[in-house]
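Engineer: First, the structure itself, so that you have it in front of you.
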Amino acid sequence: MAEAPAISVILPTRNRAGLLPRAIGSVLAQRFRDLELIVVDDASSDDTPALLAQLDDPRLRVLRRERNSGAAAARNAGLALARGRYVAFQDDDDFWLLGKLQAQWDCLQARAARWCLAPYLRLEDDGRASYIGGAWYASQLDYRRGVGEEGPNWSLIATPGWLVERTLIQSLGGFDERIRSWDDWELGLRLWRQTRPEVLDEPLWVQDWLRGSGLTRAERVRANDLQLIVEKHADLWADCPAVQAQHAYVIGRILSLYDPAPAGRRELWQSLRARPTRALDWLALAMSYLGPARAQRLTAGLRRFKKRWRT
């Protein structure tokens, strides 16, 4: 067997044959060359298998899964094959800048750290590019603050920005495969509880939101995930009523969009008791009385208005 590489890069993919070459190319073109790329094809039904079969690079390894199990399970499958001292993660719709791995490697070696986060540029669906990072941003980073909160602490959790010791992730059991959408944040919480990450101050990868996120039933999955995470890490938020309120708001708002009334109202009232003057909580509660179909239409309309106003 060939000598183990310094870094193993894990890239889960499913039915993204049109975007996958860009993601793969940005990994294999890195200035840091001592790597392996493990692409986990999570039961794609498009041209992904044929595309991967055509690629010729000795650093590329392909794992085909015949049954779709989700990103967390695919990442864990890649982790089981990884041989590098460090692991990094790529998403099939994003791409790295050429110096990403080298900058993170140098950071970890110089600071004797176990985990490094790379800031990024986000390509918004309205054509803007936003820089997610900076020294102040890094100083405020706190994984406990949770999802959906206004402020800087949420966006750096995405796995394409990670470089982390493989043994550290494996000691924590990898990604929780019950979680379908926020598996990165949940594992990040466990990492954060073990050791604080080093955070660089330059954009090193690009998150592509040009295709838009839309309003989909995937949000219903997010509510389930958040409920599970809140239960799993309840001790983290025992003395953080503002974060508890925000989690209740996110869960309640989503449930009221997709489940028959009165789903979600208990969580929305919990949020309102903690912050009774917050207009968004009252709006979400009022919408819960409209029924899922009307609430979804109103939410979509509000998002369109916000997008036009922003441009």
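Engineer: Do any residues in region 128-156 that are β-branched (Val, Ile, Thr) have Cβ atoms under 9 Å from those of residues that are modelled with pLDDT of 75 or more and in a strand (DSSP E or B), where the two are at least six apart or on different chains, and which pairs are they?
Structural biologist: Final answer for the pair search is 132/120; 132/121; 132/122; 132/207.
Each row is one residue, and each column tells you yes or no for (1) open to solvent by 50 Å² or more (accessible area, probe 1.4 Å); (2) within 18 Å of the chain's Cα centre (by Cα).
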| site | (1), (2) |
| --- | --- |
| 117 | no, yes |
| 122 | no, yes |
| 125 | yes, yes |
| 128 | yes, no |
| 139 | yes, no |
| 179 | no, yes |
| 185 | no, yes |
| 192 | no, yes |
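Engineer: While we're here: Restricting the search to region 125-140, which residues are at pLDDT 80 or above and either part of a loop (DSSP other than H, G, I, E, B) or within 30 Å of residue 231 (Cβ to Cβ) (or both)?
Structural biologist: Result: 128, 132, 133, 134.
Engineer: Let me ask another. Would you say residue 113 is outside any helix (DSSP H, G or I), touching a Leu at 6+ places or on another chain (Cβ under 6 Å) and open to solvent by less than 30 Å² (accessible area, probe 1.4 Å)?
Structural biologist: So residue 113 does not fit the description; no.
Engineer: Something else about it: Report whether or not residue 38 is without any contact (Cβ under 8 Å) to a residue 60 or more places away in the chain, more than 18 Å from the chain's Cα centre (by Cα) and buried (at least 19 other Cβ atoms within 10 Å of the Cβ).
Structural biologist: When the stated conditions are applied, residue 38 passes them.
Engineer: Among the listed residues 101, 108, 156, which satisfies the condition of being part of a helix (DSSP H, G or I), modelled with pLDDT under 85 and within 27 Å of residue 28 (Cβ to Cβ)?
Structural biologist: 156
Engineer: Go through region 250-284 and report how many residues are open to solvent by 70 Å² or more (accessible area, probe 1.4 Å), within 18 Å of residue 224 (Cβ to Cβ) and part of a helix (DSSP H, G or I).
Structural biologist: 2
Engineer: Within region 51-95, track down each residue that is free of Cβ contacts under 8 Å to residues at least 12 places away in the same chain and assigned to a helix (DSSP H, G or I).
Structural biologist: 53, 54, 80
Engineer: If a residue has to be open to solvent by 10 Å² or more (accessible area, probe 1.4 Å) and either part of a loop (DSSP other than H, G, I, E, B) or closer than 19 Å to residue 182 by Cα (or both) to count, how many in region 233-249 make the cut?
Structural biologist: 9
Engineer: Would you mind stating whether residue 25 is of a type outside the set (A, V, I, L, M, F, W, C) and open to solvent by less than 10 Å² (accessible area, probe 1.4 Å)?
Structural biologist: No; evaluated as a whole, the condition is false for this residue.
The values are calculated or read from the model by the stated rules, or taken from the named source; none is laboratory data. Everything quoted here is computed from the prediction, not taken from an experiment. All Cβ positions, even for glycine, are placed from backbone atoms using ideal geometry, and neighbour counts span all protein chains on display. The area values use the complete protein model at the heavy-atom level, side chains included, leaving out ligands, DNA and RNA. Shrake-Rupley method; radii C 1.70, N 1.55, O 1.52, S 1.80 Å.
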